[in-house]
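There's a structure below that I have some questions on.
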Amino acid sequence: MNVLVALGAAVGVFAAGMAGGALGLGWLFGVVIPGLALLVFLGGLAVKVWDWVSTPVPFRIPTTCGQQTSLDWIKPNKLENPHTGIQALGRMALEVLCFRSLLRNTKAEMVQGRRLAYRTSLGLWLGAMLMHWSLLVILIRHLRLMTNPVPAFVSFLEAADGFLEIGLPAVFVTTVTFLAGVTYLLARRFTNPQVRYISLAGDYFPLFLLLGIGLSGVWMRHFGKVDIAAIKELMLSLFHFSPAVPEGISPVFYGHLFLASVLLAYIPFSKIAHMAGIFLSPTRNLANNNRAVRHVNPWDYPVKVHTYEEYEEELRDKMVAAGLPVEKPLEKE
Amino acid sequence: MSKFDEASHYRQEDLLKIDWRPPKTPWMKTPVDFRPGTYIYPGKAKNLKVLDLPNPRDWSVEDQDWKLPEDWKKRVLDGMADRLSKYRSFKVFMDTCVRCGACADKCHFFLGSGDPKNMPVLRAELLRAVYRKDFTALGKIFGELAGARELTTDVIKEWFYYFYQCTECRRCSVFCPYGIDTAEITMMGRELLGLLGIYVNWVIEPVANCYRFGNHLAIQPHGFVDTLEFMADDIEDVTGIRVDIPINRKGAEILFVTPSGDLVADPGIYTCMGYLLLFHELGLDYTWSTYASDGGNFGLFTSAEAMKRLNAKIYAEAKRLKVKWILGGECGHMWRVIHQYMDTLNGPADFLEVPRSPITGTVFKHARSTKMIHLMEFVADLIRHNKLKLDKSRNDHLRVTFHDSCNPSRAMGIFEEPRYVIRSVCNHFYEMPDNTIREQTFCCGGGAGLGTDENMEMRLRGGLPRGSALRHVQEKYGVNMMAAMCAIDRATLVTVADYWAPGVKITGITELVANAMVFTGEKRRTRNLRGEPIPGMELEESETTTVEQGAAIHG
Ligand code: HEM
Ligand code: SF4
Ligand code: SF4
């Protein structure tokens, strides 16, 4: 059910874009909607991040995954249990760039019906790395369509990415790895019984969007041979804030662009906001130096406590009888 | 016939029939099954009253009507809004989970029960679904399709069941790509339940006791003195040394605080005897306190406010007794509070000095703000400087493994100090498998206030991963002793080991230290602190009589 809704929605988005293109609504689907999507993305994410950033961190609660910094002769694990801000930055870099925590992943097994064992399980890590890194490279490659002259690093990346020189135009490595990554993540959602059980429509939807974007992109480059010059003309005009919609752009392009626009606008309101949230996770981005540097809770308030005086008042006779010193002597009867 | 609150009621074959595949019905449509042995009795009205907590009443989990206040729904939603505006952790964790499932089979309760709502991600979704419904745009528009769920009394019951089936161990957080800590979410969930007067008695009674008497067990000052004196008698019996026990002594250099479990429960008491012997031998200028007679803090399992209310006594007492710094005993959750919360909650401790070992001169700079160090940091430093006279062979009959307790592991990172100490006092030390120790350690199954007998089925299930790893080293290396620096562990792991790895006993580390220590003026050591004969140190024929006479005199 969740799958079908998500698939239906993604297909619908693509079809709507195609139809728009075919019906000559180039202005709407090529200019207005992408522009709005970008605004929603930027504005929405800014609001989201501001919302997080303006929420206090009352306690310093890093999850420690290595030896603490304590005695001089015991070697601390600076990346898994950072003691300074710089070290915490290093930990964050590992998380963001290498998905460090997913590298720990294991799969539990019951051996001979009585013993638990844990096998390293790196599928998720690999699938996630392929998808995200390829996506980043693909996005950078897309700058070719939005710049004139094309910056050197974009051309360089493109050349490197196409080094296999298979096919004409050459197949990019990241095209393959991106589709492989997305397909794996989708397949995992279908086949892993626990993951399937927890999946919402909102978990399938972005994956279908990504898959749709990828497949329509491949079709445009390798099969449909769309008019790239016209598309670049459109993109350049957008970035010069003087939009002009050239004739002869394939409807598939509008499908592709509408999928991307929907994804972009969807990000701030969905789990894809993790792209910003990951930087703000208090269990990862704080140094574990709690006993060395005091952390202040901005909304701290006084609480009712049971003071020593109240304690002694209630128990003084017993304390005296037990030979314990007291602050106030026992009153004589 | 054994009852559901006894381990013998459960057959291993039955508990091992675990199906990790989720049921056909979606989780929102699968009702909770309140089966005896899997839930904890509600907090009694009298305990709520001691603490001025809302809606004190006596009720039962099986009741249809939990006697919630009229405006229960508003209280919960307002409480959620309040916490969302106060805790970035809560908000970010609500928003960022991608349901990748990396955390799913990392929770001991899921591994041991197969109940999908014990997957950390679903435990969190219990709250997140309500969050979506009332706090997010997509949830408001698309409702159930977006994973949103109406808050009903059934949801409250489900929260109660599953937030008290989480030991706040943080293992899931280690594996989550965003560090989402389901323990943090459980803490929020428990606070929200608390707004309706829903607590479990196993937590809230200790909190009430601790508030009034300074410790969870309601040990009063004279009882405290007697308990330690009894220990001194037993110590004299096996070592021939009479230790002195300074209590509530003003002007001492160090205040010593340890969990009250060490005072009463076997085998924690032997660790406590170890503390007394160690400090006596060092001639430490220290004091116990009857007011701050518990470092343990079940407030952590109740609310940030309760935690603060209970923990205040430690600095207050340090100030009153005019000590220079504080030393903390072997405890798990106490160290989460001391390390990650105390300074923020009750500090600044500017009236204390940076801890400095009077024996070695080492200055513990890493505790320069909190002014409190862990006993294992203190002891590791002593051993490193050759300040303890040790005869490791006295522990040669033990083949020891070490259970990393959740809180000191994942909320502090004290891994090497205890290992260094154990290796220094034991010749035979073996690690459990890598995925079950250090930051990946498995919970005892009874932390965070779940270690009560009426919860026996869940404790045994939750203890399975730990028990299984223990059984492994028992079979492979002949391990017969598991050390743990946590008072809850020393109570709950006994049950877990007896059930899943029978034959393995539990000990604190200081007990091992004291058994290996050669004390000034000690008599010939033939028995350990448990009063058991030490193999290889048995008496010669001629000596037996005198010692037996001695023992008879002592009692
Ligand atoms: C700073 C940037 C980002 C970081 C560090 C990051 C990190 C991660 C990590 C660690 C995961 C979990 C592994 C997994 O389930 O694949 C994940 C999942 C995911 N990410 Fe990202 N991400 C980033 C940006 C993005 C962007 C820009 C998108 C798409 C527009 C995206 C889409 C997704 C999707 C769809 C999933 C879920 C995959 C699944 O369903 O299994 N991410 N991300
Ligand atoms: S590992 Fe983290 S992101 Fe993945 S399902 Fe669990 S809580 Fe969510
Ligand atoms: S904190 Fe521990 S008990 Fe709670 S969900 Fe995570 S792994 Fe399970």
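The values are calculated or read from the model by the stated rules, or taken from the named source; none is laboratory data. Fair warning: this is a prediction, and the values are worked out from it, not measured in the lab. Cβ placement follows ideal geometry from the backbone for every residue including glycine, while neighbour counts extend to all protein chains displayed. Surface areas here come from the heavy atoms of the whole protein model, side chains and all, with no ligands, DNA or RNA. Shrake-Rupley method; radii C 1.70, N 1.55, O 1.52, S 1.80 Å.
How many residues are more than 7 Å from chain B (Cβ to nearest Cβ) and crowded, with 19+ Cβ neighbours inside 10 Å if we restrict to the stretch A:49-66?
So the answer is 1.
Does B:V98 qualify as being open to solvent by 10 Å² or more (accessible area, probe 1.4 Å) and more than 23 Å from the chain's Cα centre (by Cα)? Steps first, please.
Numbers: open to solvent by 10 Å² or more (accessible area, probe 1.4 Å): yes; more than 23 Å from the chain's Cα centre (by Cα): yes.
Yes, satisfied.
Would you point out which residue out of A:G20, A:G24 is more than 9 Å from every other protein chain (Cβ to nearest Cβ), farther than 26 Å from A:H132 by Cβ and modelled with pLDDT of 95 or more? Write out each step before concluding.
Numbers: A:G24 fails: modelled with pLDDT of 95 or more.
Of the residues listed, the single one that is more than 9 Å from every other protein chain (Cβ to nearest Cβ), farther than 26 Å from A:H132 by Cβ and modelled with pLDDT of 95 or more is A:G20.
When residues of the stretch B:102-116 are filtered for being open to solvent by 10 Å² or more (accessible area, probe 1.4 Å) and within 15 Å of ligand 1 (Cβ to nearest atom), how many remain?
1
Out of A:L36, A:L23, report the one residue that is in the same structural domain as A:V245 (by TED's automatic domain parsing), closer than 27 Å to A:G202 by Cα and of a type outside the set (D, E).
After applying the criteria, what remains is A:L36.
Sticking with this one: Is it true that B:G283 is away from every other protein chain (no Cβ under 11 Å) and modelled with pLDDT under 95?
Answer is no for this residue.
Can you name every residue in the stretch A:319-333 that is within 16 Å of B:W288 (Cβ to Cβ) and open to solvent by 70 Å² or more (accessible area, probe 1.4 Å)?
Listed by number, the list is empty, since nothing qualifies.
Now for a different question. Give the stretch A:88-117 a look and list any residue that's open to solvent by 40 Å² or more (accessible area, probe 1.4 Å) and more than 12 Å from ligand 1 (Cβ to nearest atom), or say none.
A:L89, A:K107, A:E109, A:M110, A:V111, A:Q112, A:G113, A:R114, A:R115
Determine whether the stretch B:287-309 contains at least one residue that is among the basic types (K, R), open to solvent by 30 Å² or more (accessible area, probe 1.4 Å) and not assigned by TED's automatic domain parsing to the domain that holds B:L192.
Looking for residues that are among the basic types (K, R), open to solvent by 30 Å² or more (accessible area, probe 1.4 Å) and not assigned by TED's automatic domain parsing to the domain that holds B:L192, one finds none in the stretch B:287-309, hence no.
Quick check on my filter: what residues within the stretch A:258-307 are outside any helix (DSSP H, G or I), more than 20 Å from B:R83 (Cα to Cα) and of a type in the set (S, T, N, Q)?
A:S270, A:N285, A:N288, A:N289, A:N290, A:T307, listed by residue number.
Here is a follow-up. Given B:K91, B:K106, B:K29, B:K46, which one is touching a Cys at 6+ places or on another chain (Cβ under 7 Å) and of a type in the set (D, E, K, R)?
Just a single option satisfies the conditions, and that option is B:K106.
Looking at (1) part of a helix (DSSP H, G or I); (2) surrounded by fewer than 24 Cβ atoms within 10 Å (Cβ to Cβ), find the lone condition where B:K387 falls short.
The number of the failed condition is (1).
What helices (runs of 4 or more DSSP H) lie completely within the stretch B:55-123 and have 3 or more residues being away from ligand 3 (no atom under 12 Å from the Cβ)?
Per the criteria, B:72-86, B:88-96.
Scanning the stretch A:279-296 for residues that are open to solvent by 20 Å² or more (accessible area, probe 1.4 Å) and among the hydrophobic types (A, V, I, L, M, F, W, C), which turns out nearest to ligand 3 (Cβ to nearest atom)?
Top of the filtered list is A:L286.
Go through the stretch A:192-218 and report how many residues are away from chain B (no Cβ under 12 Å) and β-branched (V, I, T).
Quick first cut of the stretch A:192-218, residues away from chain B (no Cβ under 12 Å) only: A:208-218.
If we keep only those that are β-branched (V, I, T) as well, we get A:213, A:218.
So the answer is 2.
Give the residue that is farthest from the other protein chains (Cβ to nearest Cβ), with candidates limited to residues of the stretch B:134-156 that are within 31 Å of the chain's Cα centre (by Cα) and either crowded, with 17+ Cβ neighbours inside 10 Å or within 20 Å of A:D203 (Cα to Cα) (or both).
By that ranking, first place goes to B:I156.
Out of A:A244, A:A229, A:A287, I need the residue that is more than 19 Å from A:L39 (Cβ to Cβ), within 14 Å of another protein chain (Cβ to nearest Cβ) and more than 16 Å from ligand 1 (Cβ to nearest atom). Which one?
Just a single option satisfies the conditions, and that option is A:A287.
Residues are listed down the side, and each one gets a yes or a no for (1) at the interface with chain A (Cβ under 10 Å from one of its Cβ atoms); (2) within 16 Å of ligand 1 (Cβ to nearest atom); (3) surrounded by 21 or more Cβ atoms within 10 Å (Cβ to Cβ); (4) in contact (Cβ under 8 Å) with a residue 60 or more places away in the chain:
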site: B:P177; (1), (2), (3), (4): yes, yes, yes, yes
site: B:D181; (1), (2), (3), (4): yes, yes, yes, yes
site: B:G194; (1), (2), (3), (4): no, no, yes, yes
site: B:A208; (1), (2), (3), (4): no, no, yes, yes
site: B:D226; (1), (2), (3), (4): yes, no, no, no
site: B:E229; (1), (2), (3), (4): yes, no, no, no
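If you don't mind, another one. For the condition without any contact (Cβ under 8 Å) to a residue 12 or more places away in the chain, out of contact with any His (no Cβ under 8 Å at 6 or more places or on another chain) and closer than 24 Å to B:A487 by Cβ, what is the one hit in B:R336, B:R423?
B:R423
Only one residue in A:V195, A:V137 is crowded, with 18+ Cβ neighbours inside 10 Å, assigned to a helix (DSSP H, G or I) and within 15 Å of ligand 2 (Cβ to nearest atom). Which one? Can you show your working first?
Values: A:V137 fails: within 15 Å of ligand 2 (Cβ to nearest atom).
Being crowded, with 18+ Cβ neighbours inside 10 Å, assigned to a helix (DSSP H, G or I) and within 15 Å of ligand 2 (Cβ to nearest atom) holds for just one of A:V195, A:V137, which is A:V195.
Next up: Identify all residues within the stretch B:1-54 that are among the polar types (S, T, N, Q) and open to solvent by less than 40 Å² (accessible area, probe 1.4 Å); write none if there are none. So that I can check it myself, show each step before the final result.
Step one: list which residues in the stretch B:1-54 are among the polar types (S, T, N, Q), which gives B:2, B:8, B:12, B:25, B:30, B:38, B:47.
Scanning the stretch B:1-54 gives B:S2, B:T30, B:T38, B:N47.
Additional query: Filter the stretch A:226-245 for residues that are free of Cβ contacts under 8 Å to residues at least 40 places away in the same chain and assigned to a loop (DSSP other than H, G, I, E, B); which is nearest to A:S216 (Cα to Cα)?
My answer is A:V226.
When the stretch B:1-15 is examined, which residues are found to be in contact with a helix residue (DSSP H, G or I) (Cβ under 8 Å, 6 or more places away or on another chain), within 14 Å of another protein chain (Cβ to nearest Cβ) and either farther than 21 Å from B:Y164 by Cβ or assigned to a loop (DSSP other than H, G, I, E, B) (or both)?
Scanning the stretch B:1-15 gives a single hit, B:Q12.
Within 14 Å of chain B (Cβ to nearest Cβ) and open to solvent by less than 50 Å² (accessible area, probe 1.4 Å), is that true of A:L157? I'd like the intermediate steps shown before the answer.
Working: within 14 Å of chain B (Cβ to nearest Cβ): no; open to solvent by less than 50 Å² (accessible area, probe 1.4 Å): yes.
So A:L157 fails the test.
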